[in-house]
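Colleague: Please read through the structure below; I'll follow up with questions.
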Amino acid sequence: MTTIMELRELMWGPSAVYESEEEVRWMKEDFRFCSQESSGPMWGLIQSHGGPCGVLAPVQARIVSRILPSLDSPLSTDASNRLLSSILAEMLLMTTESLDDKIWLIDAALVTATSASNPLQSTQVHRDELEATIVPFLSQSRHGVLSFVYSMILTRQPSRLKQDMDDNGGSLTMGEFGHGTQELLNLMLTGRATSNAFDGVVPMGDTGLVLRGVMDRPRIGYLTQLEALRYCAVGSYYKTPLAPVWVLGSSSHFTVLFSTDASLVQESTSDALLARVQRAFKHFDTMESGFILLDNLVECLRTLQVDEGILSNQYQMGRLFAKIEVPGAGIVLWEDFWRVVSILLDTKDLQQALTGKVEPSTRPRSDSDIARELQAQFDNEGTASSGPPPTPAPAKPLPMEEESFRKVVFHHYNGLVTTTNPVPRLVAFDAQIPSRNVVGYSVPLVDTSQSSGGLGCPIEDVLRTKWPGIEINWRGQTPPRLD
């Protein structure tokens, strides 16, 4: 049975045994919309104290995603509360795994250090009644944000939540201001308190342990300054969510980026293939070294559903090995892997994959060309010690295809208010985003060419982790802060 102390430890870590300043700040935070008299957007949530942005930003992002087609429409108090009820209920249900899982609401005022020895007092709510119950319950508790987090933990079940984490002794907050951890953010965005932002799971060598990330495309995405600084990796699932809305992270705060342009989350065939191949490659590149062992190549290709007729053909696989293996090293570098395998997956033609992106030949193959190829195949199949099979002669590569550009309007919302900035800031800006077909061309596994190394505009650095080469026009405004 879950105890009060267990809830507190999951939330606060070592400081669970006493009431910290961070907890006091969290207890003061509720779900409040901008007033109709203020200049803030009527759909905008207000954050008054440091720390709870790891909850408020994901809730805000879901609100925005729900009303994207009508952002400028008036929103009454009743409509705002109904919208908030629907969003919070949706997020609670997202933590469950079956219809049999119970839904719990709990008042944070009952989960204090001084009440740790008391029985846990929570309220079970039927799924059909949750939407009508949750906002009145949180409003009555007057500690809405923290009560909601405790309700998420209890509904997810502490035992499951610990299994979500890489370190089952971890917590959902950290640091001086009770800043939310990646586990808290993932819980709010995906319903699972996993510890990473990359796609899927990554095995830790032969230990049997795995690091857990995001298992599929969520409704809301996530981009972070920490990736721009190369402290972490964000996968394609978070970068290409179902709605064109992203939570933006820095080392101390979360804000919201969005656009009404749905094409931003409609991956091109080329981009979708790149993301898929990267996921497969990274599964075997457990040390993030940029290469995989040649021994893992067949299994990696099988993961990508390469034709078994190719995988089981010794001659064809020999040609593929000879094409992409680093000579004598027994490894395959990412860029060599992508150039060849992307064409193979795109065309289903091994010969074209081995030849690469080349200018089409105008000279038909002669009988002697065909005879030499057949003799090479015969020699390879008949002589075990004949060495690596021949590879196609190098051909003149085509230059990278020209970029196309699209213009997009973005909006950035920061709900944190202070004495010097008493109104949440909503900034609209223009962007020009380049795109091109990258199948068959050299693409780095981690693109650092657009990073300023922390010396540029922070929000622009974050946007480049998703859209390398993006050009931004701030319309004469000061770029919004991320912290």
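Colleague: Please tell me if Ala329 is part of a loop (DSSP other than H, G, I, E, B), of a type in the set (A, V, I, L, M) and modelled with pLDDT under 95.
Modeller: For Ala329, the condition - part of a loop (DSSP other than H, G, I, E, B), of a type in the set (A, V, I, L, M) and modelled with pLDDT under 95 - is met.
Colleague: Sort out which residues of segment 244-258 are surrounded by fewer than 20 Cβ atoms within 10 Å (Cβ to Cβ) and touching a His at 6+ places or on another chain (Cβ under 7 Å), and write them in order of number.
Modeller: Ser252
Colleague: Would you point out which residue out of Ser139, Ser115, Ser147 is touching a Leu at 6+ places or on another chain (Cβ under 9 Å) and either within 17 Å of Trp26 (Cα to Cα) or at pLDDT below 95 (or both)?
Modeller: Working: Ser139 fails: touching a Leu at 6+ places or on another chain (Cβ under 9 Å); Ser115 fails: touching a Leu at 6+ places or on another chain (Cβ under 9 Å).
That would be Ser147, the only listed residue that is touching a Leu at 6+ places or on another chain (Cβ under 9 Å) and either within 17 Å of Trp26 (Cα to Cα) or at pLDDT below 95 (or both).
Colleague: Something else now. Kindly establish whether Ser115 is over 28 Å from the mean Cα position of the chain (by Cα), assigned by TED's automatic domain parsing to the domain that holds Ile134 and of a type outside the set (Val, Ile, Thr). Spell out the reasoning first.
Modeller: Values: over 28 Å from the mean Cα position of the chain (by Cα): yes; assigned by TED's automatic domain parsing to the domain that holds Ile134: yes; of a type outside the set (Val, Ile, Thr): yes.
Yes, satisfied.
Colleague: Still on this structure: Give segment 1-47 a look and list any residue that's among the charged types (D, E, K, R), more than 19 Å from Gly144 (Cβ to Cβ) and surrounded by fewer than 18 Cβ atoms within 10 Å (Cβ to Cβ), or say none. Walk me through it before giving the result.
Modeller: As a first pass, look at segment 1-47 and keep what is among the charged types (D, E, K, R): 6, 8-9, 19, 21-23, 25, 28-30, 32, 37.
Next, from what is left, pick out any that are more than 19 Å from Gly144 (Cβ to Cβ): 6, 9, 21, 37.
Glu21, Glu37, listed by residue number.
Colleague: Separate question: Which fully enclosed strands (runs of 3 or more DSSP E) of segment 183-243 have 2 or more residues being crowded, with 22+ Cβ neighbours inside 10 Å?
Modeller: Correct list: 221-224.
Colleague: Let me ask something else. If the requirement is being more than 24 Å from Glu22 (Cα to Cα) and out of contact with any helix residue (DSSP H, G or I) (no Cβ under 8 Å at 6 or more places or on another chain), which of these qualifies: Arg230, Arg219?
Modeller: The conditions single out Arg230.
Colleague: Against the condition at pLDDT 85 or above and assigned to a loop (DSSP other than H, G, I, E, B), how does Tyr441 come out, does it pass?
Modeller: Judged against the criteria, Tyr441 is a match.
Colleague: Here's another thing I want to ask about it. Among the numbered criteria (1) in contact (Cβ under 8 Å) with a residue 12 or more places away in the chain; (2) in the same structural domain as Cys53 (by TED's automatic domain parsing), which single criterion is violated by Gln163?
Modeller: Result: Gln163 fails condition (1) only.
Colleague: Please find, among Ser39, Ser35, Ser73, Ser15, the residue that is assigned by TED's automatic domain parsing to the domain that holds Pro158, assigned to a helix (DSSP H, G or I) and among the small types (Gly, Ala, Ser).
Modeller: Sole residue among the options that is assigned by TED's automatic domain parsing to the domain that holds Pro158, assigned to a helix (DSSP H, G or I) and among the small types (Gly, Ala, Ser): Ser15.
Colleague: Turning to a different aspect of this structure: Among the residues of segment 255-310, which ones are polar (S, T, N, Q) and assigned to a helix (DSSP H, G or I)?
Modeller: Scanning segment 255-310 gives Ser263, Thr269, Ser270, Gln278, Asn296, Thr303.
Colleague: Given (1) within 23 Å of Leu248 (Cβ to Cβ); (2) in contact with a strand residue (DSSP E or B) (Cβ under 9 Å, 6 or more places away or on another chain); (3) of a type outside the set (Ser, Thr, Tyr); (4) not assigned by TED's automatic domain parsing to the domain that holds His253, identify the lone condition not met by Gly221.
Modeller: The single condition Gly221 does not satisfy is (4).
Colleague: Given the criteria modelled with pLDDT of 95 or more, aliphatic (A, V, I, L, M) and assigned to a strand (DSSP E or B), does Leu248 qualify?
Modeller: Yes.
Colleague: Further, regarding this structure: In this structure, is Gly50 crowded, with 16+ Cβ neighbours inside 10 Å, part of a loop (DSSP other than H, G, I, E, B) and under 27 Å from the mean Cα position of the chain (by Cα)?
Modeller: Yes, satisfied.
The values are calculated or read from the model by the stated rules, or taken from the named source; none is laboratory data. Fair warning: this is a prediction, and the values are worked out from it, not measured in the lab. Cβ atoms come from the backbone with ideal geometry, glycine included; neighbour counts cover every protein chain shown.
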